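Beneath this line is the structure, given in structure tokens, with notes to follow.
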Amino acid sequence: MSGAAGEKRGETILEVRDLRKHFPIRRGLLRRVVGQVKAVDGVSFTIRRGETLALVGESGCGKTTVSRCILRALAPSGGAINFTVGGRTADLATMRRRDLRRLRRHMQMVFQDPYSSLNPRMVVGEIIGEPLLINGMTNRAERRKRVTELMELVQLPAAYFNRFPHAFSGGQRQRIGIARALALNPELIVADEPVSALDVSVQAQILNLMLDLQDRLGLTYLFVAHDLSVVKHVSDRVAVMYVGRMVEIGETEALFARPRHPYTEALLSAAPTPVPGAASTRIVLEREIADPANPPPGCAFHPRCRYAIDACRVQTPVLEEIEPGSFVSCLRARELSLRGVAEEA
Amino acid sequence: MATPTDADKFAVATQLQLTWWRFRRHKLAMVSLVVVVLFYLVALGADFLATSDPHASDARTSYIAPQPIHFFDDGAFRPFVYGIKGVRDVKTFKLVYTVDTGRKVHLELFGRGYTWSFLGLFETDIHLLGLRDAQRGDGIFLLGTDQLGRDLWSRLMVATRVSLTIGLVGVTVSLFLGVLLGGISAVYGGVVDTVIQRLIEVIRSMPTIPLWLGLAAALPNDWSVMQIYFAITVIISLLAWTDLARVVRGKFLSLREEDFVMAAELAGASQGRIIFRHMLPSFASHIIAAVSLALPAMIISETSLSFLGLGLRPPAISWGILLQDAQNIQTLALAPWLLVSAIPVIVVILAFNFLGDGLRDAADPYG
Amino acid sequence: MAEPILKVRNLQTRFFGTEGIVRAVDGVDFDVFEGRTLGVVGESGCGKSVTARSILRIVDRPGRVVGGEVWLKRAGGGPAVDIAKFTEAQMRDIRGPEIALVFQEPMASFSQHYTIGNQIVEGIRLHMGLDAPAARKRAIELLDMVGVPQPARRVDDYPFQLSGGLRQRVMIAMALACDPRILIADEPTTALDVTTQAQILDLLRSLQAERGLAIILITHDMGVIAEMAHDVSVMYLGRAVESGPVAEMFARPQHPYTRALLRSIPTVMAKPRTRLPTIAGSIPHPFNRPAGCAYNPRCAEIMGEICGQAEPPQVDTPQGHVRCFLHGGAP
């Protein structure tokens, strides 16, 4: 039942090139534009069919803006978003709204907040069935059959068809949200922090479900998250952002074991681990995350970087492939040897 | 939710049911709901509850004080009131009418009185209370009479109908304007939004009383009671829609940011479906609450306009017109019972406000 | 080990809602020691935050502390006193000078209309009787102590001018204004980014080392517990199901809930694309609290009918305390 039938795993499904999204800063009575917040400033990456790319970073890094641009919930200020489906490639960044509607069914979203993402005035059956209804499945019985199928897929009892969202726990609501996203057999799922609002004991259930669904349906995930331990469990590759720019992209295992960018190193080191005493060797970054409305010159990370040299203050690094599959945007990427995290046996 | 059946009931309960369950716990609001319903029942059956023709004046019954109903006659349950008799004043030689405690007039249920029509459907002369073997001038003056000898109780019943419906009609008009303009403002945004918002600000900044004065003064003198009734309604609602428009616009804007609206958009839903299937049902309850808070403002507006002599004019009867009679301090000294008309105004305004508060609290079961 | 500075016994707090009574905190015991951190960990609805508020008796209505003892060794020395029996007026001398509180969302705990300096100075003048210039000087010292850069300038900022991390530092400065000996930190880093979280946790640790603070750290994050706490208390639906020293707890968890929780946490050390062991079901709504041991419907090591019939009593183990029939206590 996967929509990816007949297409090869591993080929590029989404190519984001030099994506920009600037928000104007307006001041005064006449709302004159006095500056730009460069929320996303020249971001490039690709996602391969059937893989999970995790987009990580802290607040204000632009990861959510990137995901909204890909879904065209926001109109990009520049760059290209090439989406390949059914052997044809289209640029979503410049597409008109009317044409977008046909492509949207191949690309769906799982939201962070399981409470606000479900309409409290519709029953579960209507919520999951809505994309089907909109896209032409007007036969009630046929729709009900498909919704029941989807509910089984996400392990929700079909008896809950007529229940309202308020009767469900956070984890169950997130299952409903996933079933709705799967209704149209999409190829790409953009999951925006899908487990960060859930209790610890429920997080694991949803993460496992997402992995199982990917194996069964050949889905491709863009997994937006801030929690590196969650990312380690679900992703094939990781892309790290800092203040609107991509700082590092790499295979998950390689990136965690040997980060190439000082920011990735600090991020890994700051992630709390459930091992008493592990914190003693932590790298604690100084100062605050840079303001995207007024980023520092050169490398935006240099004021917090332990390895910064004079060149970092003036020269803006570009993302380059320093090893096959490993992209870094750091002037000293080739000379630094940074510390990662050990893997459990 | 103690038993599984309760939990199941809760699980398939609609938002309306949840709102009702929550509203039911709000005791003051429940009482207010009952009061408001009672008032509208009175409005519906005003003529049935009236005991004598509210328009019929009779010099003999001028300024009769409120008369109680005596329930027991010679130890048996036979309710009666006393009749009216004329007495020659020994100093002025004027004929003065007073209560004649020597003559009992018995009451009957569903007695006959003046002819009235129920919503224009049928005509009847049956009233809740009637008098048996009444002579000219006799009547059940529960709340006394005014200068022209008209029974205040009967007039109050009919006034309730006028004052309460003028609020309903007014709110309907301003609700239509508010939802339309507030919705347009939120959906289109940009210049349209700015223009509508500035318009709202201009209207809200105008002092209401002089504006009403101007508009009401512009009404032609020869208009019928009905025409003036509608004109006043329109005038009041033209100024009252701004609050509703703001509520609608604010709700629209906040709902547009909700994830479930974005999910519908991603599923390919049209603008119309998003507005009518997802957004409108979500704030219907807020609108109901806003309406129940707007109604008392309407009623007050009509009452003050009529009180100042700018709204409805006699022979129409409304609370404001009844209170107009109580404007004169000398009249009040002579007939203090004329102030009774203020009581329903106070009660209904309070009830509407409590009801609105209760509805607002209950509207968002998770808010 | 020394005498505990704070001893909580059988603390009970209930919420008298219109739908019924919720036993939010249902007989919680723990000890807090000078210079040590007690971590209280649990998921939503376990009552960890209400526990903290119950100690200071600042539970929001319709909640009310209905029982229990809170023995505090006061600053002046002498025997411990039960502050659960204190009047509201007496409690005012406890909140701030003896026990201070840091909240999760610093923005909500500040007034938006006063500068942060004003708000710190207010507390200092109220409790320490300093005059205005001296209190301001002390406020600047406090900001400097918690690592706010350029404290003399920042003292005149309004809360909205600060970043999340700085706001949390100011919040800590405010809590420390009256030199308390016990600091209750309720999810102090949950709203913050990881790198900022690391900074704040670092700050709390160094403040503890310098001043011998006793800290009660409330969190849902086992990672934060592992790195900060000396002793841990794990809560589930209003009860402390297991408590003991941190190293023991992570090495040999005694309660099935603790065991399952520790296994189900994602870590950066895992192999990519591995499935995590899960805990079945979800946390019951407080109104539907299961009979017997509240965890029994989700428990993987359930012993039989007894778990659904009787509440397991607290049993001492070599590691600490546990409430589970696996460790005895069955009637």
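The values are calculated or read from the model by the stated rules, or taken from the named source; none is laboratory data. Remember, it's a predicted structure, so these values are computed and weren't measured experimentally. With ideal geometry, Cβ positions are generated from the backbone for all residues, glycine too; neighbour counts draw on all protein chains shown. All accessible areas refer to the heavy atoms of the entire protein, side chains included, with ligands and DNA or RNA removed. Shrake-Rupley method; radii C 1.70, N 1.55, O 1.52, S 1.80 Å.
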Taking A:ILE127 as the residue in question, decide whether it is more than 29 Å from C:GLY45 (Cα to Cα), crowded, with 23+ Cβ neighbours inside 10 Å and touching a helix residue (DSSP H, G or I) at 6+ places or on another chain (Cβ under 7 Å). no
Enumerate the helices (runs of 4 or more DSSP H) found wholly within segment B:271-367, keeping only those where 3 or more residues are surrounded by 22 or more Cβ atoms within 10 Å (Cβ to Cβ). B:280-307, B:319-324, B:342-363
Taking C:SER44 as meeting all but one of (1) among the small types (Gly, Ala, Ser); (2) part of a strand (DSSP E or B); (3) within 14 Å of chain A (Cβ to nearest Cβ); (4) open to solvent by 10 Å² or more (accessible area, probe 1.4 Å), write down the number of the exception. (2)
Residues being within 30 Å of C:HIS220 (Cβ to Cβ), assigned to a loop (DSSP other than H, G, I, E, B) and among the polar types (S, T, N, Q): count how many of those fall in segment C:76-111. 2
Looking for something over 27 Å from A:VAL200 (Cβ atoms), among the basic types (Lys, Arg) and within 14 Å of another protein chain (Cβ to nearest Cβ) - is there at least one such residue anywhere in segment A:259-276? no
Every residue from segment A:127-155 that is hydrophobic (A, V, I, L, M, F, W, C), within 13 Å of another protein chain (Cβ to nearest Cβ) and either assigned to a helix (DSSP H, G or I) or within 27 Å of the chain's Cα centre (by Cα) (or both): A:ILE127, A:ILE128, A:LEU132, A:LEU133, A:ILE134
Name the residue that is farthest from the other protein chains (Cβ to nearest Cβ), counting only residues in segment A:156-165 that are touching a residue at least 40 places away in the same chain (Cβ under 8 Å) and open to solvent by less than 20 Å² (accessible area, probe 1.4 Å). A:PRO165
Of the residues in segment C:284-331 that are of a type in the set (Gly, Ala, Ser) and closer than 27 Å to C:GLU19 by Cα, the one that is surrounded by the most Cβ atoms within 10 Å (Cβ to Cβ) is C:ALA294
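Here's the yes/no breakdown for (1) modelled with pLDDT of 90 or more; (2) surrounded by fewer than 22 Cβ atoms within 10 Å (Cβ to Cβ):
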residue	(1), (2)
C:ILE218	yes, no
C:ALA247	yes, yes
C:ALA251	yes, yes
C:THR274	no, yes
C:SER282	no, yes
Would you mind stating whether A:ARG282 is out of contact with any Gly (no Cβ under 7 Å at 6 or more places or on another chain), farther than 30 Å from A:LEU103 by Cβ and open to solvent by 10 Å² or more (accessible area, probe 1.4 Å)? yes
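Condition check ((1) buried (at least 17 other Cβ atoms within 10 Å of the Cβ); (2) more than 14 Å from chain C (Cβ to nearest Cβ)) across all residues:
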| site | (1), (2) |
| --- | --- |
| A:ARG26 | no, yes |
| A:ARG31 | no, yes |
| A:GLN36 | no, yes |
| A:GLY42 | yes, yes |
| A:ILE47 | yes, yes |
| A:LYS63 | yes, no |
| A:ARG72 | yes, yes |
Just wondering, is there one or more residues in segment A:165-181 that are among the basic types (Lys, Arg) and more than 23 Å from the chain's Cα centre (by Cα)? no
Does A:ARG258 satisfy being surrounded by fewer than 24 Cβ atoms within 10 Å (Cβ to Cβ) and among the charged types (D, E, K, R)? yes
Does segment B:10-29 hold any residues that are under 15 Å from B:LEU350 (Cβ atoms) and open to solvent by less than 50 Å² (accessible area, probe 1.4 Å), and which are they? B:ALA29
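Here is a yes/no grid of residues against (1) over 17 Å from the mean Cα position of the chain (by Cα); (2) in a loop (DSSP other than H, G, I, E, B); (3) more than 14 Å from chain A (Cβ to nearest Cβ); (4) aromatic (Phe, Trp, Tyr):
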| site | (1), (2), (3), (4) |
| --- | --- |
| C:GLU141 | yes, no, yes, no |
| C:VAL148 | yes, yes, no, no |
| C:ASP156 | yes, yes, yes, no |
| C:ARG167 | yes, no, no, no |
| C:ALA173 | yes, no, yes, no |
| C:THR189 | no, yes, no, no |
| C:THR195 | yes, no, no, no |
Where in segment C:217-276 are there helices (runs of 4 or more DSSP H), lying fully within it, with 2 or more residues that are more than 7 Å from chain A (Cβ to nearest Cβ) and closer than 20 Å to C:ARG298 by Cβ? C:256-264
If you go through segment B:9-45 one residue at a time, how many are within 14 Å of chain A (Cβ to nearest Cβ) and aliphatic (A, V, I, L, M)? 5
Scan segment A:207-230 and report the pairs whose first residue is within 13 Å of chain C (Cβ to nearest Cβ) and without any contact (Cβ under 8 Å) to a residue 24 or more places away in the chain and whose second residue is open to solvent by 10 Å² or more (accessible area, probe 1.4 Å) and of a type in the set (D, E, K, R), with Cβ atoms within less than 6 Å and a gap of 6+ or a chain change. A:ASN208/C:ARG275
Which numbered condition trips up A:ALA181, out of (1) within 9 Å of another protein chain (Cβ to nearest Cβ); (2) open to solvent by 20 Å² or more (accessible area, probe 1.4 Å)? (2)
Of (1) touching a strand residue (DSSP E or B) at 6+ places or on another chain (Cβ under 8 Å); (2) open to solvent by 50 Å² or more (accessible area, probe 1.4 Å); (3) assigned to a loop (DSSP other than H, G, I, E, B), B:THR101 satisfies all except one. Which? (3)
Do we find that C:LEU143 is at pLDDT 90 or above, in contact with a helix residue (DSSP H, G or I) (Cβ under 8 Å, 6 or more places away or on another chain) and open to solvent by less than 20 Å² (accessible area, probe 1.4 Å) in this structure? yes
Answer with yes or no whether B:LEU119 is open to solvent by less than 60 Å² (accessible area, probe 1.4 Å) and of a type in the set (A, V, I, L, M). no
Limited to segment B:159-217, what total is found for residues that are within 30 Å of B:ALA316 (Cα to Cα), polar (S, T, N, Q) and surrounded by fewer than 21 Cβ atoms within 10 Å (Cβ to Cβ)? 3
Selection from segment C:104-131 of residues in contact with a helix residue (DSSP H, G or I) (Cβ under 7 Å, 6 or more places away or on another chain) and open to solvent by 30 Å² or more (accessible area, probe 1.4 Å) yields C:MET107, C:SER109, C:SER111, C:GLN112, C:ARG125, C:LEU130
Output the number of the condition that B:LEU253 fails; it satisfies all remaining conditions of (1) surrounded by fewer than 23 Cβ atoms within 10 Å (Cβ to Cβ); (2) of a type in the set (A, V, I, L, M, F, W, C); (3) at the interface with chain A (Cβ under 8 Å from one of its Cβ atoms); (4) assigned to a helix (DSSP H, G or I). (3)
Out of B:ARG161, B:ARG198, B:ARG249, B:ARG256, I need the residue that is assigned by TED's automatic domain parsing to the domain that holds B:VAL37 and under 24 Å from the mean Cα position of the chain (by Cα). Which one? B:ARG161
